[in-house]
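A.B. asks: I have a structure I would like to understand better, so I am pasting it below and will then ask my questions one at a time.
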Amino acid sequence: MSIIAVVVYVALLALVVVRARLAREFVEFSLARRALPLALVFGSVAAAYVGPGFSIGFVGRGFKSGFLFWGIGLAYAVQNILVGLLVAPRLRKLKDCHTLGDAIGQKYDRNCQILAGIISVGLCAGFASVMAKAGGVVLNNIFDLPKWISVAIVVAITASYTTFGGLRTSVITDAFQFTLFSVLMPITLLVAIFFRLEGSAATFASQAAVATAAGLSSTPPLHLVGLVAAFLLGETLIPPYANRVLASKTTSVSRNGFVLAGIYSSVWFMIMVSLGVVARSIIPAQTDEDHVLLNLVKLIMPIWGYPLLLVVLMSVIMSSLDSLLNAGAVAFTQDIISPFTNLTDTAALNIGRCATVAIAIIAAVSATAVPDIITGLLICYTIWAPAILPVAIIGLWLRRPRPLAAILSMSVGTLVAITFQFIFPSAIRIPAIILAFGSALLAYILGHWLDRNKSGAFK
Amino acid sequence: MKVFLLIFVVLAALSVVAGGVWVAIALIGALSRPRVSDTYPVRKTTSLSNGVNTTATKP
């Protein structure tokens, strides 16, 4: 049954890929010709952010701490809405921009673009390895294959359609996958509440109250602040989202797509956390967080339900992985190679394709080093937010942003994040993301002031 | 209170389903739209044959 479900899913995906067709030019590979309509921008942004963390992870957190994590998840929704209202239209307005690094290059200078490109490619590879690991776990659950073969299969399927189709295929397959999981997951919740939960509403409400109170009492305030900061800043404008802003048909499509995706995320988190709350009355309390969703569905759904869920999880993971592979490849071509040489369109397209394969291989190999899904994601958030956000957002708003400010901010943000995340994790009490973000902001202000004084205050 | 919470969760579930259906309709529209190359000429070459100016269209 599981095998049939997966085969049917892969066949449907192949059909969508074939219809979506091959990218023939770099602008098609990187920006889908800047012609994405609202529904596809919204669907693909939502499919890109709903990865294993926002599905399996949130159900597990709902199981342990009830609606506490829904409150934390709201920070993510706010971030998406703010990006839609304040940043996306300004970014979309820039001409001849393929990546966020390109935007930084236009606002500051070429060196800043290259540094932003290196950080973007590294982060895309890091995020991709977390997705590859999660995909391997799910496939291993279905076929019982060795873990490295499971990872290799997931990465190979995703890389194959991303390599040839580029962003357009990634967006269209994302919309297909979004449709699958946004219909099937809520149905699972409704089945659980109305047919499997004894006492229905009363049980649900009492479990929600008990779990949320337990979650609040067991989470220290400082840890709570760190989580809210990570959700508010960690995924802001990461390369796949920036590419979707730039690929939108108009500025208003980019704005509305992100605002809708933000609203959707708050509703989605509610569904996931509710599934976790429902699970409290159905599965044993000592169940591991990452296995709550899988065990719940095994118990409550009919015999065909479990393979269907596994297929949904595969789509959740692959839709995030394809976006990361494409964004990393485009950043490599546009921000790291293109500034050094005048590339023809064909050469850029070929480099983009090779980079997709290379990042996929790096992700598959390093997937074994990822500790667990949520920790892996938090590490990536901790580096991305301080390294890029101050530079990108302030640069879009200032009339004359200074290159020295950008270089200082990106370097200091990255170094402080790496130092306190990996080298001395226990040296500070506050979360590393907050310290690194604060340092990057200070470095930006210092760089701006020094550069302004150097070149004359009224220049 | 309990009933309100349940209604809230059910409405949330239905909104997510509605979002999925909306994107599915857009996806079907995007995939079934005629391809640019099927509808419009992508390259035009003008040639002079027998003194008559003709425009050949290559799909």
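Values quoted throughout were computed directly from the atomic coordinates according to the rules given, and no laboratory measurement underlies them. From a predicted model like this one, the values you see are computed outputs, not experimental measurements. All Cβ positions, even for glycine, are placed from backbone atoms using ideal geometry, and neighbour counts span all protein chains on display.
A.B. asks: Kindly write out, for the range A:341-351 in residue order, the coupling ³J(HN,Hα) from the Karplus curve 6.51 cos²θ - 1.76 cosθ + 1.60 (θ = phi - 60°), rounded to whole Hz, with x marking Gly and Pro.
C.D. replies: Per residue, the Karplus-derived 3J(HN,Hα) values read 8, 8, 7, 6, 4, 5, 4, 4, 4, 5, 4 Hz.
A.B. asks: Enter the per residue convex hull volume of the range A:28-149, computed from alpha-carbon coordinates, in Å³ rounded to the nearest integer.
C.D. replies: 163 Å³
A.B. asks: Roughly speaking, what is the stretch gain from A:Val225 to A:Asn350, that is 0.36 nm per residue apart minus the C-alpha to C-alpha distance, in nm to one decimal?
C.D. replies: Full-extension gain reported as 40.6 nm.
A.B. asks: Sum -39500 (n - 2.57) across every DSSP H segment of at least 4 residues in chain A, then divide by the residue count to get the 222 nm mean residue ellipticity, nearest 500.
C.D. replies: -25500 deg cm²/dmol
A.B. asks: A follow-up question, please. For A:Phe340, project a label point 7 Å along Cα to C-beta. Then give me every residue of the range A:98-118 with its amide nitrogen under 14 Å of that point.
C.D. replies: A:111, A:114-115, A:117-118
A.B. asks: Mind running the shape call on the protein assembly as shown? Use the C-alpha gyration tensor, a ≥ b ≥ c as the square roots of the eigenvalues: rounded below 1.5 for a/c, prolate if a/b tops b/c, oblate otherwise.
C.D. replies: oblate
A.B. asks: Additional query: Can you classify the range A:87-221 as rounded, prolate or oblate using the Cα gyration tensor, where a ≥ b ≥ c are the square roots of its eigenvalues, rounded means a/c under 1.5, and otherwise it's prolate if a/b beats b/c and oblate if not?
C.D. replies: Taking the square roots of the gyration eigenvalues as a ≥ b ≥ c, the range A:87-221 is prolate.
A.B. asks: Quick one: what are the phi-derived ³J(HN,Hα) couplings along the range A:306-314, Karplus 6.51/-1.76/1.60 with θ = phi - 60°, whole Hz, x for glycine and proline?
C.D. replies: Rounded to whole hertz, the list is 5, x, 4, 5, 4, 5, 4, 5, 4.
A.B. asks: In angstroms, what radius of gyration and Dmax does the range A:357-431 have, counting Cα atoms only?
C.D. replies: Gyration radius and largest Cα-Cα distance of the range A:357-431: 15.3, 45 Å.
A.B. asks: Taking each residue in A:205-211, count the Cβ atoms of any other chain within 10 Å of its Cβ, then average. What number comes out?
C.D. replies: Counting other chains' Cβ atoms within 10 Å and averaging over A:205-211 gives 2.
A.B. asks: Compute the Cα gyration tensor for the range A:1-89, then decide on rounded, prolate or oblate, letting a ≥ b ≥ c be the square roots of its eigenvalues: rounded whenever a/c is under 1.5, prolate when a/b is larger than b/c in the other cases, and oblate in all that remain.
C.D. replies: oblate
A.B. asks: Please report, for the Cα atoms of the range A:242-391, the Rg to one decimal and the Dmax as a whole number; what are they, in angstrom?
C.D. replies: Every Cα atom of the range A:242-391 included, Rg and Dmax give 19.9, 62 Å.
A.B. asks: I would also like to ask the following. Quick one: order A:Asp102, A:Asp451 by neighbouring beta-carbon count within 10 Å, fewest to most.
C.D. replies: A:Asp451, A:Asp102
A.B. asks: FRET efficiency for A:Phe143 and A:Ser206, Cβ-Cβ distance as r, R0 = 41 Å, nearest 0.05?
C.D. replies: In this case the efficiency is close to 0.55.
A.B. asks: Put a dot 7 Å past each Cα toward the Cβ at B:Ser32 and A:Phe164; how far apart are the dots in nm?
C.D. replies: If labels sit at A:Phe164 and B:Ser32, their model points lie 2.5 nm apart.
A.B. asks: Taking the 0 to 90 degree range and rounding to the nearest ten, how far is the long axis of helix A:110-143 tilted relative to the main principal axis of chain A, both from C-alpha atoms?
C.D. replies: 20 degrees
A.B. asks: Starting at 0 and stepping by 10 Å, how many percent of the alpha carbon pairs of the range A:73-118 end up in each bin?
C.D. replies: 28, 38, 29, 5
A.B. asks: Please report the projected area of the range A:308-424's Cα convex hull averaged over all directions, in nm².
C.D. replies: Average of the hull's projected areas for the range A:308-424 equals 10.3 nm².
A.B. asks: Using a cut-off of under 13 Å, list every residue of the range A:217-248 whose amide N is near the label point 7 Å from the Cα of A:Ile430 along the Cα-to-beta-carbon line.
C.D. replies: A:222-223, A:225-226, A:229
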